[in-house]
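Shown next, in structure tokens, is the structure this report addresses.
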């Protein structure tokens, strides 16, 4: 009980000093269609936030706004205490620096097909000015961590989906980001590969990695997340602890979503 | 080089950059090479810009093939999946690094077959320069024929010489294509990096 209360406290106090990502009043539209409408969220250090909801509800767009792959129309955003977006303007002086502190894992892996696994993990380090030897050692260490040291010199096309996604996680960790973003990391994987990837993500969670994940894996969200956010129609309908949102939802729309996704699984 | 520059202009976000390149490409793609050769050699000379045979010939070939190569490069660049650019940006790579380390190497792979054909075609098209009396093979052939009256033998030999020049070129490019496709490192730097990686990974597995 006390644990739930502690988690609750971090959720209900948006202005803690520990916030890694803080977003307020975020709006985004594509061609006049409102995709996100005045959304806000806060993720504290070493916490895990899971975003759930139907496809097309704005989850992925919300995630992509965090590292500014998608530019909000309007928002107030802070990453690691630094304001990166205010009103309708980008105020982040160094976009590359922001992106190096925010790692991202994509649904379709997006590994670089012309490079081997180990080179995929090295590339960003080398471009960031890290010495070759150091970059290689870090890459090997990360491949070991995701259990793929034996596949290090394989090209992405020679790897299974689950292996590719694990390399992608290693790549996202290469620059020691403060927060990792996962965009439906297991949605294009078979059940076995999904298990592999979730296992790696769970280890990261246990190590205290701050993460924001967009996922359809509700049982996984229930297990690892500190906060669950249900997004629908471009708005945050409900947020709270997994026990609250997934176990005992207040909003009818959340209930409907949970009922339909339980039925489809 | 000109072809690549044009291709880059054509995938640009800005209309002012795209348009001139598009006009250039459409113009030279739809005019026969022979006409371009005549314009640069005879046409420009008539308005006072007299180019030598070699200059006029080279210029014609460059402007003509740049138009075709730009088309090949453009489709290769836009054929690289959008997710690649995103992944690269998400890793904090800038625009230049993203292009040189992520987009270009992948575009090169898909552009090679077309480029291969174009290079061989360019080499063969030097035969058209006979019309402005360049000292290329066909002109030499015409001289020898008029001295010896043995047209069949002379032109067969010339065809054979063209074949001997073009075949290794196209085979060489095909070989390069296969090496790249098989993932063989082409530069010494990359070979060294992969060797070091293999050694380190072996130690990590053991």
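Please work out whether the stretch B:2-205 counts as rounded, prolate or oblate from its C-alpha gyration tensor, where a ≥ b ≥ c are the square roots of the eigenvalues and a/c under 1.5 means rounded, while otherwise a/b larger than b/c means prolate and anything else oblate? If you can, show how the numbers build up before the last one.
Numbers: a/c = 3.46, a/b = 1.61, b/c = 2.15.
The shape class here is oblate.
Count, for each residue of B:193-200, the Cβ atoms from other chains sitting within 10 Å of its Cβ, then give me the mean as a whole number.
Working: counts 8, 5, 1, 6, 12, 4, 2, 10.
Mean number of neighbouring Cβ atoms from other chains: 6.
Order the peptides A:144-155, A:21-32, B:178-189 from the highest to the lowest mean number of other Cβ atoms within 10 Å of their residues.
Values: A:144-155: 19.5, A:21-32: 16.2, B:178-189: 11.4.
My ranking of the peptides, most packed first, is A:144-155, A:21-32, B:178-189.
Indicate the gyration tensor shape class of the stretch A:122-184 (rounded, prolate or oblate), computed on the Cα atoms with a ≥ b ≥ c the square roots of the eigenvalues: a/c under 1.5 is rounded; otherwise a/b larger than b/c is prolate and the rest oblate. Can you show the working numbers first?
Working: a/c = 1.90, a/b = 1.22, b/c = 1.55.
Oblate, since a/c reaches 1.5 and b/c is not below a/b.
For A:119-125, what's the mean count of beta carbons from other chains sitting within 10 Å of each residue's beta carbon? Don't skip to the end; give the middle numbers.
On the way: counts 6, 2, 1, 2, 7, 8, 1.
Per residue, the number of nearby Cβ atoms from other chains is 4 on average.
Please state the shape class of the stretch A:133-225: rounded when a/c is under 1.5, otherwise prolate if a/b exceeds b/c and oblate if not, all from the C-alpha gyration tensor.
Working: a/c = 2.12, a/b = 1.28, b/c = 1.66.
Verdict is oblate for the stretch A:133-225.
Using a 10 Å cut-off around each Cβ of peptide B:91-103, what is the average number of partner chain Cβ atoms that fall inside? Each step should come with its number before you reach the end.
Values: counts 18, 16, 7, 3, 0, 1, 6, 1, 0, 1, 8, 6, 1.
Mean partner-chain Cβ count within 10 Å for B:91-103: 5.
Measure off 7 Å from each Cα along the Cα-to-Cβ vector at residue B:46 and residue A:108, then give the distance between these two points in nanometres to one decimal.
Between residue B:46 and residue A:108, the simple spin-label model gives 5.3 nm.
Who wins for biggest fluctuation among B:94, B:79, B:57 in a Gaussian network model of chain B, springs between alpha carbons below 10 Å?
Comparing B:94, B:79, B:57 in the GNM, the peak value goes to B:94.
Taking the DSSP beta bridges in the stretch A:2-264 as the whole, what percent of them are antiparallel, to the nearest 5?
On the way: 25 of 41 bridges.
Looking only at bridges with both residues in the stretch A:2-264, the antiparallel portion is about 60 percent.
Please identify which residues in the stretch B:67-99 have an amide N closer than 20 Å to a label point set 7 Å out from the Cα of residue A:30, following the Cα→Cβ vector.
B:79-90
Using 7 Å Cα-to-Cβ label points, what is the residue B:82/residue A:203 separation (nm, one decimal)?
So the label points at residue B:82 and residue A:203 sit 3.4 nm apart.
Give the percent of DSSP beta bridges with both residues in the protein assembly as shown that are antiparallel, rounded to the nearest 5.
Beta bridges within the protein assembly as shown, antiparallel portion: roughly 60 percent.
Residue A:82 versus residue B:146, label points 7 Å from Cα toward the beta carbon: distance in nm?
Distance between label points: 7.4 nm.
Compute a Gaussian network model of chain B, connecting alpha carbons closer than 10 Å, and tell me which residue from B:72, B:103, B:23 fluctuates the most.
B:23
Coordinate-derived values only; no laboratory data. It should be emphasised that the depicted structure is a prediction, and the values quoted were computed from it without experimental measurement. Cβ: placed from backbone, ideal geometry, glycine included. Neighbour counts: every protein chain shown.
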